[in-house]
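Structure first, then comments.
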Amino acid sequence: MNGDIVSNVVATQAIHEKYGGVVPELASRAHQQNIIPAVEQALSLAKIRKNEVSAIAFTRGPGLLGSLLVGTSFAKGFALAAGIPLIEVNHMQAHILAHFIDEPRPIFPFICLTVSGGHTQIVLVKDYFEMEIIGETMDDAAGEAFDKTAKILGLPYPGGPLVDKYAQTGNPNAFRFPEPQIPGYDFSFSGLKTSILYFIRDHVKSDPDFVQKNLEDICASVQDRIISILLNKVRKAAKAYGIDQIAIAGGVSANSGLRQALELAAEKYNWKVFIPQFQYCTDNAGMIAMAGYYKYLAQDFVGQDVAPMARMPF
Ligand code: KG4
Ligand code: ZN
């Protein structure tokens, strides 16, 4: 065991596209169907036998309870059967620790903008498991802002990657959406969602094909605003805390516009930025394994009485 990721298998759940969002019960059933084949595939790709595994890490939370229950129960069973330690991992910390999978690794303390479908946080990362949330969303998460925009535009779930795709050929200055005035390092995205909804409704009244004709420009303009909301707060936090190492993590860190904007900000503000490999942005086993590795080194194990938590503090 040396901290290298030897396989990273993702079982994509196609079922959510059909329903235009995640239905918790369907997600946990899909987890149940996928978990054994996914683990078997991961072991086989890594060329590791079950009896060679030294510990098993699982996501305790935050997330959907039904899905967390599947992973927690599986990990407990595996640990018990193999007689190996059990390691609980916090989903949001794992997104951040994905930065330790490859070089260059950030040096503590650094700031991480963690942006996913359920969370939007500015985190002051002092050590592997010593993290302080200095700003977070008061309503929708950044990923939700992308997904809800996509839904308004009639695009399938999850819409974030599609908004990203169309934005690439659109004009980000075509339309202007408001930037909310929220104090400190907190975020709000619900006002943006409402303004998009009204904007589309008003334009479609006079031109039923408005969305179709302007899809790229709408996506580029919305994405540009989401990115400016995120990066303005990061800039404020970096300045106040005197930190110039900035990382991004979570599903939305896969966004090509955000990745480019961070690179530009790095030049402008003299930051050293850390952008995860694409496969370690959206939820993945590699990041859980990485967090598990550091807990293993610290011998930080949990017992069979551990229960998943839908909401889980750091
Ligand atoms: O971290 P993640 O995989 O799951 C959660 O923990 O929520 O993040 C999923 C979110 C979804 O909202 C999805 O639309 C968004 O990440 N996302 C993106 C992109 N890829 C995934 N948003 C914008 N651009 C992308 N390329
Ligand atoms: Zn996530």
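Restricting to the stretch 117-134, name every residue that is of a type in the set (Ser, Thr, Tyr) and either away from ligand 2 (no atom under 15 Å from the Cβ) or surrounded by fewer than 24 Cβ atoms within 10 Å (Cβ to Cβ) (or both).
Correct list: TYR128 only.
Taking into account only those residues within the stretch 135-172 that are within 16 Å of ligand 2 (Cβ to nearest atom) and among the acidic types (Asp, Glu), which is most open to solvent (accessible area, probe 1.4 Å)?
Looking at the filtered set, the residue picked out is GLU136.
Go through the residues of the stretch 271-281 one by one and say whether even a single one is surrounded by fewer than 22 Cβ atoms within 10 Å (Cβ to Cβ), within 12 Å of ligand 1 (Cβ to nearest atom) and at pLDDT 95 or above.
Checked the stretch 271-281: at least one residue is surrounded by fewer than 22 Cβ atoms within 10 Å (Cβ to Cβ), within 12 Å of ligand 1 (Cβ to nearest atom) and at pLDDT 95 or above.
So that you can scan it fast, the table gives a plain yes or no per residue for (1) out of contact with any helix residue (DSSP H, G or I) (no Cβ under 7 Å at 6 or more places or on another chain); (2) more than 30 Å from PHE100 (Cα to Cα); (3) part of a helix (DSSP H, G or I):
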| site | (1), (2), (3) |
| --- | --- |
| ILE134 | no, no, no |
| TYR166 | no, yes, yes |
| GLU179 | no, yes, no |
| GLY184 | yes, no, no |
| LEU192 | no, yes, yes |
| ILE196 | no, yes, yes |
| LYS205 | yes, yes, yes |
| LYS213 | yes, yes, yes |
| CYS219 | no, yes, yes |
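Confirm whether ASP244 is farther than 25 Å from ASN2 by Cα and without any contact (Cβ under 8 Å) to a residue 24 or more places away in the chain.
no
From the list VAL222, VAL204, which one is at pLDDT 95 or above and in contact with a Ser or Thr (Cβ under 6 Å, 6 or more places away or on another chain)?
None of the others qualify; the one that does is VAL222.
Scan the stretch 8-38 residue by residue and report those that are part of a loop (DSSP other than H, G, I, E, B) and either charged (D, E, K, R) or at pLDDT 95 or above (or both).
ASN8, VAL9, listed by residue number.
The values are calculated or read from the model by the stated rules, or taken from the named source; none is laboratory data. Please read these numbers as outputs of a predicted model, since none were measured by experiment. Because the Cβ atoms are built from the backbone with ideal geometry, glycine has one as well, and the counts that use them run over all protein chains shown. Surface accessibility is based on the protein's heavy atoms, side chains included, excluding ligands, DNA and RNA. Shrake-Rupley method; radii C 1.70, N 1.55, O 1.52, S 1.80 Å.
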